[in-house]
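Enquirer: I have a structure I would like to understand better, so I am pasting it below and will then ask my questions one at a time.
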Amino acid sequence: MACGFFRTVPSLFSFLFFLLHLLICPLFVIELLQTEVNYLGQLHHPNLVKLIGFCSDGDNRLLVYEYMPKGSLENHLFRRGPQPLSWAVRLKVAIGAAKGLSFLHDAESQVIYRDVKASNILLDSEFNAKLSDFGLAKAGPTGDKTHVSTQVMGTHGYAAPEYIATGRLSAKADVYSFGVVLLELLSGRRAFDKTKSDAEQNLVDWAKPCLSDKRKLFRFMDSKLEGQYPKKGAHAVATIALQCIGKDAKLRPRMSEVLAALEQLQDVKAAERLAHAEHGKALMIPVTKSPGARQSPSPCVQPQVDRPLPSSRRSPRVR
Ligand SMILES: Nc1ncnc2c1ncn2[C@@H]1O[C@H](COP(=O)(O)OP(=O)(O)OP(=O)(O)O)[C@@H](O)[C@H]1O
Ligand SMILES: [Mg+2]
């Protein structure tokens, strides 16, 4: 039996262990877990979940993570039970996840996370966000290369269109998925929801016409917020999300730029300046607007769906 511990556990009380996988693993799952161990064993950051240790015995794997008492962002946004997240907490979660992604993208050897989604963003007791699930993580391109070519993997509704179409992966695919998470935080709706009508199933398609229009944005916002959010702040986040989900990957902002823009919203003085700035322009990330970021004339309630995506949430390639 091979075992490893990446961190000394300070005391029984400082960590509650979360035992995630004790399985007779099929080969594919073993590979994912191996990738997870490789990355989380080496990467340490306050916004990445801590892998405390692992055991490997034949086909059995046991991975021990720090316990994240508030569970996943998905639970809080979409499940009945927990108190709805306030605007301030949503912003805090977005900033935490953006910090984790910026760290990965700006590391000396870039890491592309490839699985940004609400269920992989875990929350500690103070709603600090940490990225979990590094099974799909991939080393970024090196030298002059702009992308790595790889089998398309990810989750339906979150995966970037150019990556699904070509298998060409760059950090901008994570930026796209992060933009989808921002839309989920704003709207309280899932990235892909089979229970909705065809036109409303894909959140990106449904959201795009609403994001740059303040009145439509109001209808798009999560009703669970009960209107308790700064209008200009919401508009600024919508603007950032729109840039992240732009069709042209090259024109999407870098995660560090997204992070800086979100952090401005938390800064009280900057927020005051924003209150005096017209249309929240102070938070526009200075990149050229992509074609995908153009305002659509169609109303929020009647979105245009260019091409329906495969109906299965978990196809073999894009889960
Ligand atoms: N360290 C942890 N502490 C507390 N809860 C956790 C931890 N890791 C995972 N979970 C919980 O377990 C759930 C399942 O995680 P898991 O990664 O297996 O599936 P998922 O993210 O929902 O879907 P997928 O299989 O597509 O990744 C998470 O959404 C979260 O609620
Ligand atoms: Mg997961």
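Enquirer: Only one of (1) surrounded by 20 or more Cβ atoms within 10 Å (Cβ to Cβ); (2) away from ligand 2 (no atom under 14 Å from the Cβ); (3) without any contact (Cβ under 8 Å) to a residue 60 or more places away in the chain is not met by LEU123, so which one is it?
Expert: So LEU123 meets the others, but not (2).
Enquirer: Any idea which residue in segment 72-82 is nearest to ligand 2 (Cβ to nearest atom), counting only those that are outside any strand (DSSP E or B) and surrounded by 15 or more Cβ atoms within 10 Å (Cβ to Cβ)?
Expert: It comes out as GLU74.
Enquirer: Can we say VAL116 is among the β-branched types (Val, Ile, Thr), surrounded by 17 or more Cβ atoms within 10 Å (Cβ to Cβ) and either within 14 Å of ligand 2 (Cβ to nearest atom) or assigned to a loop (DSSP other than H, G, I, E, B) (or both)?
Expert: Considered against the rule, which asks whether it is among the β-branched types (Val, Ile, Thr), surrounded by 17 or more Cβ atoms within 10 Å (Cβ to Cβ) and either within 14 Å of ligand 2 (Cβ to nearest atom) or assigned to a loop (DSSP other than H, G, I, E, B) (or both), VAL116 comes out as yes.
Enquirer: Determine which member of the set LYS130, LYS172 is within 16 Å of ligand 2 (Cβ to nearest atom), among the basic types (Lys, Arg) and modelled with pLDDT of 95 or more.
Expert: When all the criteria are applied, what remains is LYS130.
Enquirer: Another one. Considering segment 154-172 alone, what residues qualify as being buried (at least 18 other Cβ atoms within 10 Å of the Cβ), touching a strand residue (DSSP E or B) at 6+ places or on another chain (Cβ under 7 Å) and aliphatic (A, V, I, L, M)?
Expert: If the condition is that a residue be buried (at least 18 other Cβ atoms within 10 Å of the Cβ), touching a strand residue (DSSP E or B) at 6+ places or on another chain (Cβ under 7 Å) and aliphatic (A, V, I, L, M), then ALA159, LEU169, ALA171 are the ones that fit.
Enquirer: Can you find, within segment 133-169, the residue that is nearest to the chain's Cα centre (by Cα) among those that are among the aromatic types (Phe, Trp, Tyr) and within 16 Å of ligand 2 (Cβ to nearest atom)?
Expert: Residue satisfying both the conditions and the ranking: TYR158.
Enquirer: Could you check segment 166-201 and list, in sequence order, the residues that are outside any helix (DSSP H, G or I) and hydrophobic (A, V, I, L, M, F, W, C)?
Expert: If the condition is that a residue be outside any helix (DSSP H, G or I) and hydrophobic (A, V, I, L, M, F, W, C), then LEU169, ALA191, PHE192 are the ones that fit.
The values are calculated or read from the model by the stated rules, or taken from the named source; none is laboratory data. Computed from a predicted structure; not experimentally measured. All Cβ positions, even for glycine, are placed from backbone atoms using ideal geometry, and neighbour counts span all protein chains on display.
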